[in-house]
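Structure first, commentary second.
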Amino acid sequence: MTQDAAFLVFLVFCGGMAAQWIAWRFHLPAIVLLFGLGLVLGPGLHVLHPSTLIGPLFHPIVSLAVALIVFEGGLALDFRQLSVAGEGVIRLTLVALPINWILGSAAAHYVGGLAWGPSCLFGSIVVVTGPTVVLPLLRQAKLKPRIAAFLRWEAIVNDPVGAILATLVLEILLMKPNEGTSIYFTEMMPHLLISMIVAIGLGIGGGWSVKQLFVRDLMPETLKMPLLLTLALAVYGLGSLFMDGAGLMAATVFGMALANMRVPGLGELQRMKESLVVLIVSLLFILLTADLHRVVLARLSWSIFALTLAMIFIVRPLGIYLATLRSGLSWNERIFVGWIAPRGIVAAAVAGVSGIRLSEAGFASSEFVMPAVFALIAATMLLHGFSLTPLARKLKLTLSNVPALAIVGANPWTRNMAEVVVKAGTPVTMVDTAARGLVPAKRAGIPVLHAEMLSDAGAESLEELPADYLIAATPDAIYNGMVCAHLAPHFGRARVYQVSPGLKKLDEYRGLSRDARGKLLGEPAWNFTLLDTLYQDGWRFVALPVTPETEMQLSRRVEDRLDFLTLRPGGGIMIHSAEEGRDAPPAVEEVIISMVPPRPNVAQVTTPPQP
């Protein structure tokens, strides 16, 4: 590899990670940033031409990367979700797809001015909503589980189905006149059915094989992750030998099989694959966008612009409306699903190959298929990427519009903390394995969850609640650490806290490993026994607003005021921890949640409480 090629690879990796971090830091859709970066590096500055740089291997590499993406998406398709969102999922994957194909083809012909052949191909390509776009958007938005399941299942299941549909339409269009329509029933349909059966068999067979190897301890831990990736690519490759699109179906079914066969040890591996997929998506969007040629962009016209608007504002909403008539979906769910339909990598890849074959066959207006698909991809990523979260909030389809707190361990002092935090305007959910401790919290109007947080059911139940930060505060320090370690991938390791396990257990070498526990809540001396004793002695939690008059007073550390949280304007939460160094001084309009003795004088310095 030349130095120029090495520099471009370095540029793509760094640019992708920078875009992902900026998107996370400023709550922006990462896909839009990646798409824009690709346009700048490719058609804009002409410094990156992936197909020229990589050569004929570029499109096969893209296809393999897409296979890993749909495989990872399949791992998120748990059939238990169908008990909640089953009807909506079935309508979006079976009913809406043919309706959207018919409407999209009609729009391409009557609005975009394409001939009927290219119009039918365009309609079949854009029926899919790309998981490469939808899944990253869902990770950023805190949608309710039901509506999130709608979009997730539609994107992942329709993706291979749409690819197969586009392949079938292309083959029909390329049929020779002397072949007649009988070939459709004698060859094409049987080939399609066989390919689908083979794809499903490959996926289920691969999942069963993995389970047998894992359950019988026939695979070392170091080889489990490589095995899953290899099998995902293998089932994709074998499926593709039978029919274009069947490989994507096989990879999707493989992921679904693993998710529903309850393969032990898959959770940890799945988190590793999620990180890998984030990297793959970042690279793919930059490379595919950079590979667009200016000649494609030059073909964009007012008719294609009108077609794009028709697809976004008429075809998709009308298709969803017709598909969900007399269904159990609420009106706000139908509006939301009818609007959110971003297209992604699979649509671009299929359009690139199919458009070229149709153009070589001499079909009129076939050269406009790729520009039309590209225009729709760009428009939906921009419009839907920026509007998904605001629209979901407007339609009340999000779990919470402000950061929320989950407290594991219902005891007198944690209930007191929760009541004060809720009155200060921050949502709190109390969690415990014993229903008795949750009764007083429920009477006080605090949402409760009776579940074991170390179980799959408990972790899934918590994901359905508006929780962004977690505090484990049970009397058992080891259990607190296990809960934090178990839920750290969901919340983020920087957002899980636990009551101090004691000074001796904080030793970085001999004490509890940082990977096996959460961040320290408050100071090392503030263990459960101390806080429970202080509560019995009359100490209580209070909310202390920071005003110009109290700012100086509250910025001083005093020993008879234990500061736990700072609630910031707009719903921000800062949990105090000795492991993060000295906290920033309080600012006006913030609220400090502190534990104070009876009738405290916050400015008074007294003897510090001892553990």
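The values are calculated or read from the model by the stated rules, or taken from the named source; none is laboratory data. Just so you know, these numbers come straight off a predicted model, no measurement behind them. We place every Cβ from the backbone using ideal geometry, glycine too, and count neighbours over all the protein chains shown. Please note that ligands, DNA and RNA were not included when accessible areas were found on the heavy atoms of the full protein model with its side chains. Shrake-Rupley method; radii C 1.70, N 1.55, O 1.52, S 1.80 Å.
Pairs of lysine residues in the chain that meet both criteria, 8 or more places apart or on different chains and Cα atoms under 17 Å apart, total 9.
Find the accessible area per residue for the range 405-596; the probe is 1.4 Å, ligands and nucleic acids are left out, and the unit is Å². Please report the intermediate quantities before stating the final value.
Values: 8690 Å² over 192 residues.
Counting only protein heavy atoms, the per-residue value for the range 405-596 is 45 Å².
Here the range 191-268 is described by how far its Cα atoms reach on the three principal axes: 38, 20, 18 Å, from widest to narrowest.
In a fully extended conformation the segment linking Asp78 and Gln553 would gain 165.7 nm over its present Cα-Cα distance, using 0.36 nm per residue.
Would you kindly calculate the translational diffusion coefficient of the range 16-150, applying Stokes-Einstein with the Kirkwood radius from alpha carbon pairs, for 25 °C and a viscosity of 0.890 mPa s, and quote it in µm² s⁻¹ without decimals? Can you show the working numbers first?
Numbers: Rh = 17.9 Å.
Translational D for this selection: 137 µm²/s.
Please list Met189, Met272 in order of solvent-accessible area, largest first, computed with a 1.4 Å probe with all protein chains present. Before the final figure, lay out the partial values.
Numbers: Met189 55, Met272 95 Å².
Result, largest first: Met272, Met189.
Using a 1.4 angstrom probe on the protein heavy atoms only, line up His450, His109 by accessible area, largest first. Write out the running numbers ahead of the final one.
Numbers: His450 115, His109 50 Å².
Highest to lowest solvent-accessible surface, that is His450, His109.
With respect to the chain, whose longest principal axis is taken over its alpha-carbon atoms, helix 131-140 is tilted by about 20°.
For the range 1-73, a Kirkwood radius taken over Cα pairs fed into Stokes-Einstein (20 °C, viscosity 1.002 mPa s) yields D = 157 µm²/s. Each principal axis of the Cα atoms in the range 114-167 has its own extent, and those three values, largest first, are 42, 18, 16 angstrom.
For the chain, the Cα gyration tensor yields ellipsoid semi-axes of 51, 25, 24 Å (square root of five times each eigenvalue, largest first, whole Å). Computed from the Cβ-Cβ distance with R0 of 25 Å, the FRET efficiency linking Leu322 to Ala234 stands at 0.05.
Report the far tail of the P(r) of the range 405-596, meaning the percent of Cα-Cα pairs longer than 21 Å. Walk me through the numbers before you get to the answer.
Details: 8885 of 18336 pairs.
Result for the distance tail: 48 percent.
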